[in-house]
1. Quick check: is even one residue across region 82-100 out of contact with any strand residue (DSSP E or B) (no Cβ under 9 Å at 6 or more places or on another chain) and at positive phi?
2. Scan region 66-92 for residues that are without any contact (Cβ under 8 Å) to a residue 24 or more places away in the chain and under 14 Å from Arg111 (Cα atoms) and jot them down.
Amino acid sequence: MNLTQLIDIKERIAIGAPLLERQRAYVLQCINEANRLTPPPEVVHMPPNYLGRIDHIWAFLSLDDGGEGVCAAPLGRGMLTVPMIAADKRRLDDLKPIARKLADAFKKPVRLAKFTTREDVEIYQPDVHGD
């Protein structure tokens with residue numbers, strides 16, 4: 001795609017003129033690539049914690065010949081995957097259908113494990129002095 005062709009595409013988009021099939025494919029490829037390279041948004045919403053002390057968590061584990069691994073699922077538009085863990089029944093119930101879909105999609109078992117031994121290893125305090 002040369003500069004003249006890019007300007008033509010830009011003008012067609014600006015005035016709403018139809019794109020040729022190859023132009024449409026190029027624009028979609030560029031959008032997909034830009035979306036892949038865009039960093040995930042910063043955290044802007046932090047609701048208050050509501051569970052008190054967490055003494056156990058559940059994790060969905062994938063099983064294969066290499067052993068176990070924590071399952072992950074896409075968050076939002078699929079730009080970021082997050083581990084499938086829960087500390088309360090509501091979130092656990094939300095994750096169960098996703099675990100079933102993963103098992104079907106990858107033709108591998110998914111195990112739900114409950115971890116109940118808690119050991120606080122480190123505590124990270126906020127920097128109140130701005131150092």
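1. No, that holds for no residue.
2. Gly67, Gly69, Val70, Ala72
None of the figures in this text is laboratory data; all of them are computed from the coordinates on show. Keep in mind that what you see is a predicted model, and the values were worked out from it rather than measured. Cβ sites come from the backbone with ideal geometry, for glycine too, and all protein chains shown count toward neighbours.
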